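Working notes, beginning with the structure itself.
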Amino acid sequence: MTVVKSTLPEEALGVTGTALQETLVDLLGLSLVGKQAHWNIVGPRFRSIHLQLDEVVATARGHSDTVAERAAALGVSPDGRPETIAATFALPGTKDGWLRDTEVVELMVSALGTAVGRLRERIEATEKADPVTQDLLITITAELEKQRWMFQAENHPRDGASS
């Protein structure tokens, strides 16, 4: 059943719908990874990283809503069901139990980096298919790159040595 008819040609809609659905899964999964780390972080930088994780979660959740609404506006039913996220999530996740602050930083740098890499592929794929969606994906990429940069700065060596 099609409730909303897209203004995009069928082929472009297929490319765009796939890009939006994959982005939705990445963002919802990223928000879950962020919250899991938020609840389980320990270490001397607990408070600052704990709060920073909330920023990532808010960013991911806010953008996931925008992505889902873009899909719906194009006539693609967004699928954010837990079983869909569990079956298709492809970013690095947390381990069980408590997480050292340094582990959390490494995890978030990795997860955000993977998400950004996947977004850049979708940016390229949607260039001709739907520049409006491409613009949305560019905006999300910029936000996630900013978060990744902030986490990278957290693990910079304190002794002045470069890495």
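Structure data summary
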| quantity | calculated |
| --- | --- |
| Cβ-placed point charges (K, R +1; D, E -1), dipole of the stretch 41-81 about Cα centre in debye, nearest 20 | 160 debye |
| The chain - Rg over Rh from alpha carbon coordinates, Kirkwood radius | 1.03 |
| Equivalent ellipsoid semi-axes - Cα gyration tensor, the stretch 1-60, angstrom | 37, 9, 9 |
| Cα gyration tensor shape of the stretch 51-95, rounded if a/c is under 1.5, else prolate or oblate by comparing a/b with b/c | oblate |
| Residue-count net charge about residue 87 - beta-carbon cut-off 12 Å; Lys, Arg +1, Asp, Glu -1 | -1 |
| Cα centroid of the stretch 94-132 to Cα centroid of the stretch 1-60, whole Å | 9 Å |
| 3J(HN,Hα) from dihedral phi, the stretch 27-33, Karplus parametrisation 6.51/-1.76/1.60, rounded to Hz, x for glycine, proline | 5, 5, x, 4, 5, 5, 4 |
| Rounded if a/c under 1.5, otherwise prolate or oblate - the stretch 47-130, Cα gyration tensor axes | prolate |
| Relative contact order for the chain, counting Cα pairs under 8 Å that sit 6 or more residues apart, in percent | 31 percent |
| Solvent-accessible area, 1.4 Å probe, carbon plus sulfur percent, for the stretch 20-163 | 53 percent |
| Built amide H within the under 5 Å cut-off of residue 99, gap 5+ | 41, 42 |
| Spherically averaged projected area in nm², based on the convex hull that wraps the Cα atoms of the stretch 81-163 | 7.4 nm² |
| Surface accessible to a 1.4 Å probe, per residue, for the residues of the chain, Å² | 54 Å² |
| ³J(HN,Hα), Karplus 6.51/-1.76/1.60, whole Hz, each residue of the stretch 143-153, x for Gly, Pro | 5, 5, 5, 4, 5, 4, 4, 5, 5, 4, 5 |
| Loop-located trypsin sites (Lys or Arg not before Pro) in the stretch 1-51, at most 10 other Cβ atoms within 10 Å (DSSP) | 5 |
| Net charge of Cβ neighbours under 13 Å - reference residue 115; Lys, Arg +1; Asp, Glu -1 | 0 |
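The values are calculated or read from the model by the stated rules, or taken from the named source; none is laboratory data. None of these values were measured; they are calculated from a predicted model. Positions of Cβ are generated from backbone atoms using ideal geometry, with glycine treated the same way; all protein chains shown enter the neighbour counts. Accessible surface areas use protein heavy atoms only, side chains included; no ligands, DNA or RNA. Shrake-Rupley method; radii C 1.70, N 1.55, O 1.52, S 1.80 Å.
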